[in-house]
Amino acid sequence: MTYLPNIVFAIILFCGIGYFAKNVKKLFRNINLGQDVDVSDNKPERWKNMARIALGQSKMVRRPVSGFLHVVVYVGFVIINIEVLEIIIDGLFGTHRIGLSVLPTSVYGFLIGTFEVLACLVFVSVIVFWIRRNVIKIQRFWKSEMTSWPKSDGNIILYFEMVLMSLFLIMNATDLHFQGLNSGNVISQYIAPMFSGLPETTLHFIERSAWWIHIVGILIFLNYLYFSKHLHILLAFPNTFYGKLTPKGQFNNLESVTNEVKLMMDPNADPFAAPAEGDVDEVPAKFGASDVQDLSWVSLLNAYTCTECGRCTSECPANLTGKKLSPRKIMMDTRDRLEEVGKNIDANNGEFKDDGKQLLGDYITNEEIWACTSCNACVEACPVSIDPLSIIIEMRRYLVMEQSAAPTELNNMMTNIENNGAPWPYNQMDRLNWKDEK
Amino acid sequence: MSEQLNVPTMEELMAQGKQPDILFWVGSAGSYDDRAKKITRAFVKILNKANVNFAVLGTEETCTGDVAKRAGNEFLFQMQAMMNIEVLNAYEVKRIVTCDPHSFNCLKNEYPSLGGNYDVLHHTQFIKELIESKKLEIKDGVFNGKRITFHDPCYLGRANSEYDAPRDVLATLNANLLEMKRSKSTALCCGAGGAQMFKDAEKGDKEINELRTEDALKTNPEIIATACPYCMTMMSDGVKVKEKESEITVLDIAELIAQSQGL
Ligand code: SF4
Ligand code: SF4
């Protein structure tokens, strides 16, 4: 019987981590539905970006208030999680505060004291975050794509953190032995009096409950990640690693197009020639993207990483002037569609069954796609190196090259380029006229 | 003031067995747009004044294909690119300067993988070079103390991280340079990029160029400086809409420098 709690703990831990692992596998599979791109270049620069942007939060602090609060929560979260190690060992082996038996009391006290201070800071920051979202109603959290689930999601995470931090402090405050040491109870010593007068057994019960709810809460939180924008706490790292390294203005050149253009321009090429060897099994490429599978896997990783902060949208010239386009929505739509495709695959024994839907049209409208000025403000603003513009351009490519569905004015512009080498209907021979005009 | 500009073409130079140090890529806007042509002429005056050994392609130049690419027409872009690369490579062009950040970005970043490798400069970078190498002497006077605000073109700034060259050049004018609240990496687009120049905007509650002009007006400038022919159109229109043409002029950095030289 004395082992019952250990066994229960082991089972809960196993299930918690197991379910998470299952979802991580799904995550990998879904991201791999994207097109292959070579991102094996420039490793040192990639590591540097990851260290600077994800670990160092360099882009977060561009907005000082939210940036600072975020750093507090982030540092607190990471460091307090060291405590989880102790909790797991205690839980599995039935020990109590194993740290005390391996570390000198002063060192242990210093660690827990640090955790307590951080927990308190995190708690306060999270409250401020909540107020910013719900009382001050900062605009970027109240755009049209931030209703229903995304809106609740943002708040649920904040509640989670409030509860977890409180439980940690209550657990310490009601631990008579720990309070008796009077080392490391920097914050909890002020909470302890709230429980004074309660019989020792009740205190013990509260302490145990807080301990259990805390660890179960952490496991639930872990599993909540997959369903939430909070996945960014993990994916920010690979995402900043694989982020774009070339100048922001540089769009990729489609190789499939290059081959065809070369063929067209080569006067010696025989248009009816059989494809060269090695080309035989080449499927005629689809130009651009109309669904998630057409996007690069980095774009799909981007979609899962998006934290819905809306920094991109709040700097988007189209969005600022009331157009439908919102780069955040582009990312959210991509993720939602990707999830839908993933579920479809799960339901059909690993094969995607056409559901008559696609990202372009059912989620993202042409109107949004054409409103973009390709200004890169969204890319620049994103704190985790997401590139919404590349998705927009892939969709334009699909609309133009597969569907010939560009707005009329753009078609005219392109016809002009074809006919006279300029986007306007002027004669090529007049190109140098400016020289002699006034 | 219609003094003759000295604008050799590559073809002419080649016939004389000469090779210029740099090719001036005029671009479609710079060749045909009435307002942008003035920028082109101003820049050529600077080149002439500094005795730069340059040439243009003239009628052999054709659209870079940039705007087709932004609109999603990769075919048209690559066709244009390959035609241009053929011409540029045949003339053994090594260095290119252009007043259009879109051409600059396209030639610099998107041509190499198609076989066009050149050292590409934006005209603000080149002017800076001329000043630093003392080929161009800046005489202050005309713009002393003038209130000038600079609008960063997206394709020079964010797209290619060049925020300093235009500012360094402006700094030589001894003017009162004012930064908009949104500037450099957070500058707001003028609204022309991504092929928007050639179409009406989607439904919204405002035009982007008006919003950007409002940004500029907040600095209470006498001059709005630009460095892109499309920004020029957008900002000029914005100033017109705000009925400020009598108080505020929109000028390209090339024009400012040319005027400061009395050119
Ligand atoms: S690149 Fe497009 S989506 Fe991104 S901020 Fe600019 S206009 Fe908006
Ligand atoms: S794309 Fe980046 S900036 Fe935009 S909402 Fe997502 S995380 Fe925030």
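What follows is calculated from the coordinates using simple rules that are stated; it is not laboratory data. Remember, it's a predicted structure, so these values are computed and weren't measured experimentally. Note: ideal-geometry Cβ built from the backbone for every residue, glycine included; neighbour counts use all protein chains shown.
Below are the figures for this structure:
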| read-out | value |
| --- | --- |
| Shielding by partners, peptide A:314-327 (average Cβ within 10 angstrom, other chains) | 5 |
| Highest-first arrangement of A:190-198, A:382-390, where packing means the average Cβ count within 10 Å | A:382-390, A:190-198 |
| Listed residues A:Ala303, A:Ala54, A:Ala21, most fluctuating in chain A (Gaussian network, C-alpha, under 10 Å) | A:Ala21 |
| Table column - 3J(HN,Hα) (Hz), region B:13-19, Karplus curve with 6.51, -1.76, 1.60, x for Gly and Pro | 4, 4, 4, 8, x, 10, 10 |
| Folded to 0 to 90 degrees: helix A:148-173 orientation relative to chain A principal axis, Cα | 30 degrees |
| Degrees between helix A:4-31 axis and first principal axis of chain A (Cα, 0 to 90, nearest 10) | 10 degrees |
| Region B:75-192, relative contact order [Cα under 8 Å, separation at least 6], % | 23 percent |
| Where N is the number of residues in the protein assembly as shown, Cα Rg divided by 2.2 N^0.38 Å | 1.15 |
| Gain upon complete extension [A:Cys15, A:Leu181; 0.36 nm per residue less C-alpha separation] | 56.3 nm |
| Surrounding net charge for B:Lys69, when Lys and Arg each add one and Asp and Glu each subtract one, Cβ distance under 10 Å | 0 |
| Region B:212-245 versus region A:163-184: alpha-carbon centroid distance in Å | 62 Å |
| Theoretical ellipticity at 222 nm over chain B - DSSP helices of four or more residues, -39500 (n - 2.57) apiece, nearest 500 | -11500 deg cm²/dmol |
| Average partner coverage of A:366-373, which counts Cβ from other chains inside 10 Å | 5 |
| Where no second cysteine Cβ lies under 4.7 Å, the cysteines concerned in chain A | A:Cys15, A:Cys120, A:Cys306, A:Cys309, A:Cys316, A:Cys372, A:Cys382 |
| Label-point separation, B:Ala171 to A:Val163 (7 Å along Cα→Cβ), nm | 5.6 nm |
| Part-to-part distance (alpha-carbon centres) for region A:378-438 and region B:54-127, which is given in Å | 14 Å |
| Computed FRET value (nearest 0.05) for A:Trp142 with B:Glu12, which takes r as the C-beta separation and R₀ as 41 Å | 0.10 |
| Contour minus Cα-Cα distance for A:Thr415 and A:Asn6 (0.36 nm per residue) | 139.8 nm |
| Where labels lie 7 Å past Cα in the beta-carbon direction, separation of A:Lys262 and A:Ile220 in nm | 5.9 nm |
| Shielding by other protein chains, B:199-209, mean Cβ within 10 Å | 6 |
| A:Ala285/B:Glu179 FRET efficiency (R0 56 Å; Cβ-Cβ; nearest 0.05) | 0.75 |
| Residue exposure sequence - A:Thr365, A:Thr334 - by fewest surrounding Cβ within 10 Å | A:Thr365, A:Thr334 |
| Percentage, to the nearest whole number, of Cα pairs in region B:10-130 over 18 Å apart | 49 percent |
| Gaussian network model of chain B, Cα within-10 Å springs - most flexible of B:Thr98, B:Thr40, B:Thr233 | B:Thr233 |
| For chain B, share of DSSP beta bridges that run antiparallel, in % to the nearest 5 | 0 percent |
| Helix axis angle, A:408-420 relative to chain A longest principal axis, alpha carbon, degrees | 50 degrees |
| Net charge over other residues, Cβ less than 11 angstrom from the Cβ of A:Leu389 (K, R count +1; D, E count -1) | +2 |
| Point-to-point label distance, A:Asp354-A:Ser209, nm (Cα→Cβ direction, 7 Å offset) | 5.8 nm |
| Alpha-carbon centroids, region A:193-239 and region A:13-83: separation in whole Å | 21 Å |
| Added length on full extension, which subtracts the Cα-Cα distance from 0.36 nm per residue, A:Leu85 to A:Leu55 | 8.7 nm |
| GNM top mover of B:Thr124, B:Thr186, B:Thr59 - chain B, alpha-carbon springs below 10 Å | B:Thr59 |
